[in-house]
Amino acid sequence: MIKIEPIKAFSDNYIWLVTTNEGLLVVDPGDSEPVDAYLTINKKQLSNILITHHHFDHTGGVKKLVNNSSLDVYGPTASIFDGINKELKDGDQVNIIGIDFTIIEIPGHTLDHIAYFAENDGEPFLFCGDTLFAGGCGRIFEGTYLQMYESLNKLKKLPLNTKVYCGHEYTLANLTFALEVEHSNQALKDRYESCVNLRNNDQPTIPSLLELEIQTNPFLRSDQKIIRECIMQKFDYKEEPSDIEIFKAVREWKDNT
Ligand SMILES: [Zn+2]
């Protein structure tokens, strides 16, 4: 049995806590304090740490949590974060607390960004940090638009019933923007309503389902006619743009909102 729970950190980060009968791990502990508080209250011990990318709000708590113990910290190879002792690259398979993770390199937001994909009794799940968000995608800080586009396309090919665990609660802002791009998408409107309800009750909107992302997330929909028409009209394209140009235009539009 695998249990996945969020620990809130900072204003909108989620540190994902994964428990199996073999141990307990956290994904992207940007802050040690909320993790320590959980461990103390529940009288548990941390077995491992997983890192998706080097940003401080995903790694800032690692050193305090390790605290001279022999705790393994898994993360991308060649990361500029120096707290990793188990380096992972694309295609690696690694068993951590009894879970078989497959590593997917997804550069764009940062160059070192990786995702962790696994299955729980036939239910696939993904930790994707700041690359694929619920209703959106991460800003492109280090990579190129093409890298981010290709990274998202890799994630898009995972099973449709994959549960997507991203690193931030940005969903409502993302869906508000998505509605500007695609206001006639009924699945998107329904999703927005249900996320408003969740947030009004202080509930996380995450995990989301990959299938719903493909139906409603404009950054996974550059190949859709309706998105293409919106972008061509808004930015006054004279010639048919490619899918990657559409993706870039949507990303730049979001950056400027
Ligand atoms: Zn980040």
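If the Cβ limit is 7 Å and pairs must be 6+ apart or interchain, which residue in segment 54-79 that is closer than 23 Å to Asn95 by Cβ and polar (S, T, N, Q) pairs with which residue that is away from the ligand (no atom under 16 Å from the Cβ) and in a loop (DSSP other than H, G, I, E, B)?
Between residues of segment 54-79 that are closer than 23 Å to Asn95 by Cβ and polar (S, T, N, Q) and residues that are away from the ligand (no atom under 16 Å from the Cβ) and in a loop (DSSP other than H, G, I, E, B), the close pairs are Thr77/Lys89.
Could you list, in sequence order, all residues of segment 166-180 that are aliphatic (A, V, I, L, M) and crowded, with 21+ Cβ neighbours inside 10 Å?
The answer is Leu175, Ala178.
Pick from segment 1-41 the residues that are in contact with a Leu (Cβ under 9 Å, 6 or more places away or on another chain) and not in a strand (DSSP E or B): which of them is nearest to Ile96 (Cα to Cα)?
In this case the residue turns out to be Asp28.
Would you be able to say whether some residue in segment 229-237 is among the β-branched types (Val, Ile, Thr), away from the ligand (no atom under 16 Å from the Cβ) and more than 20 Å from the chain's Cα centre (by Cα)?
Yes: one or more hits.
Can you work out which of the residues in segment 142-165 that are buried (at least 16 other Cβ atoms within 10 Å of the Cβ) and of a type in the set (Ser, Thr, Tyr) is nearest to Glu211 (Cα to Cα)?
Thr162
Which condition number does Phe127 fail, the rest of (1) crowded, with 21+ Cβ neighbours inside 10 Å; (2) in a helix (DSSP H, G or I); (3) within 15 Å of the ligand (Cβ to nearest atom) being met?
(2)
Tell me the residue from Ala134, Ala115 that is in contact (Cβ under 8 Å) with a residue 60 or more places away in the chain, within 15 Å of the chain's Cα centre (by Cα), closer than 20 Å to Asp255 by Cβ and surrounded by 20 or more Cβ atoms within 10 Å (Cβ to Cβ), please.
The match here is Ala134.
We did not get these values from a lab; they are worked out from the coordinates using the rules stated. Keep in mind that what you see is a predicted model, and the values were worked out from it rather than measured. Positions of Cβ are generated from backbone atoms using ideal geometry, with glycine treated the same way; all protein chains shown enter the neighbour counts.
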